[in-house]
1. How long is region 195-313 along each principal axis, judged by its Cα atoms, biggest number first, in Å?
2. Among the lysines, which fall within straight-line cross-link reach of Lys322, defined as a Cα-Cα distance under 17 Å, with same-chain neighbours fewer than 8 residues apart omitted?
3. Provide the percentage of antiparallel DSSP beta bridges, counting only those with both residues in the chain; round to the nearest 5.
4. What ranking, highest mean first, results for peptides 369-378, 393-402 when packing means the other Cβ atoms within 10 Å averaged over each residue?
5. Kindly rank 50-60, 76-86 from highest to lowest mean number of other beta carbons found within 10 Å of each residue.
6. Under the rule of -39500 (n - 2.57) per DSSP H run of 4 or more residues, summed and divided by the residues of the chain, what mean residue ellipticity at 222 nm is obtained, to the nearest 500 deg cm²/dmol?
7. What percentages make up the Cα-Cα pair-distance distribution of region 2-82 when the bins are 10 Å wide from 0?
8. What percent does the relative contact order of the chain come to when contacts are Cα pairs within less than 8 Å and at least six residues apart?
Amino acid sequence: MSEKNICIIGAGIGGLTAAALLIKNNYKVTIFEKEKMVGGRALSFNGSEIDLEKYKKLLENFNMRIAFSEPNIKKIFDKKMLEGYCLDLGYHAIGGGVLSNLNSILSELNMHSEFLESYVGLIKNDGYDFPFLSKTDKIKILPNILRLVFASEKKLRKLDKISMSETIKRYGKGKMKDILEIFSRSITTINDLDKISTGEMLRAQKNLYKGSKPVGYPKGGLGNITKKLRKYILDNGGKIKLESKVEKIIIENNKAHAIIVDNKKQEFDIIISNILIQNLFTIADDKHFKNNYINDIKALSGTGSLCAYHSLKSINHELIGKTFHFIERNTNFDGKDIVGMIDFMSADKDAGLSPNDSYLVQSYIICTPNEAKDPEALKKLKGIIDKNLEILLPNYKEKLNWALYPTIWHLDGVAKTIDKQKPEIKTPIKNLFLVGDCVKSPGIGFNCAINSAKILSKEITNNNS
């Protein structure tokens, strides 16, 4: 066992992955998590084991609330309608499916996650196309797609400062325009094409060309992945301390060396933060950082969405296992055109998310954090989701058991935009590191978080070998 003693603040997917990889490299690791469960914003919960107040509190802790429900939320819990369901906090598909970065990292730990996978269709006013691209479409646009996606890193760095709106002007004709408009929004969870970096979007898209289908969802929900990582950590000598909120990171002489938790000081050789980067200075005194670093961190913002979970008594079996995009044109939302997704992978019984006599459908529509808090904006967003679900499932409300619409204003910890760059994993303070979807790492959201853990593990191991 290495003499280095490492503390990780936060048991989100980035923190858990980092802990597992560091333990594999013989480090002593302790995770401190303020909640009663692991997973962070990518956690799942058992609908049979949670009451209304606990659910509301859980959402509140992760910058969320229930915007709408059918029937009202109190009746859903009073009638125990969520029994037998496994629900995520908010909708998280995983780009790259079974060949995603996740399974690449799990394989290093001798583990594997079973995935449901889907091509992506497009909802239209009179029905849908599935898959989104026909074989003829693919032949026509494949050269342009490959030219973009397999550009060299040197080329991608040049494209980092080129907006998707500029790229679409150059390459966007016919179905190619639809692909660039819709996929760039859904991958980054940003609607404004002027803010989306072409380079970052193309890096994220590379996962989709490894041989698996574009969208994946783990069997058993996101919580199944965190259970695997948690078990690995505990089985291999790591520690996870739940309901343990870190109150302060102690920094002296430009070096982080201890934390305060439960009013007690604990010394560590390396400290890793997996909390929202915007909250860093609530536990680390900003007097130790330069003004430009402080200002850059405080200027960062997350992405938002309105999610939806629909439980249905019956469903068109042709839809089960499929995923669909939709785009609403000429709205008054940020970016004018807004994109969302309706996912029937969760309705597949192999997903294990609902009782045998019901089907669970997951959806989301992209918005800004401010729009995710605006009651009037949320009404319009709900209407767009419902309209598109109605196209796929006419008269679906006649088959409805219940519906929940969680709104979230930190779907991703930090939005990857041209004007706001995520910070490096290594901070200006010695022995203080960052991990998660808030830092500079390939991919978006879930993939960004696990990739950051891999980079972090290599950084620490190489510098201490």
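Since every read-out is calculated from the coordinates, none of them should be taken as a lab result. Everything numeric here is computed off the predicted structure, so don't read it as measured data. With ideal geometry, Cβ positions are generated from the backbone for all residues, glycine too; neighbour counts draw on all protein chains shown.
1. Projected onto its principal axes, the Cα set of region 195-313 covers 55, 41, 32 Å.
2. Lys124, Lys213, Lys219, Lys349
3. Antiparallel bridges make up about 75 percent of those DSSP assigns within the chain.
4. The densest-packed peptide leads the list: 369-378, 393-402.
5. 76-86, 50-60
6. Roughly -10000 deg cm²/dmol at 222 nm, from the helical runs in the chain.
7. Once binned at 10 Å, the Cα pair distances of region 2-82 give 16, 38, 23, 15, 7, 1.
8. Values: 997 pairs, mean separation 113.0, N = 465.
Contact order relative to length: 24 percent.
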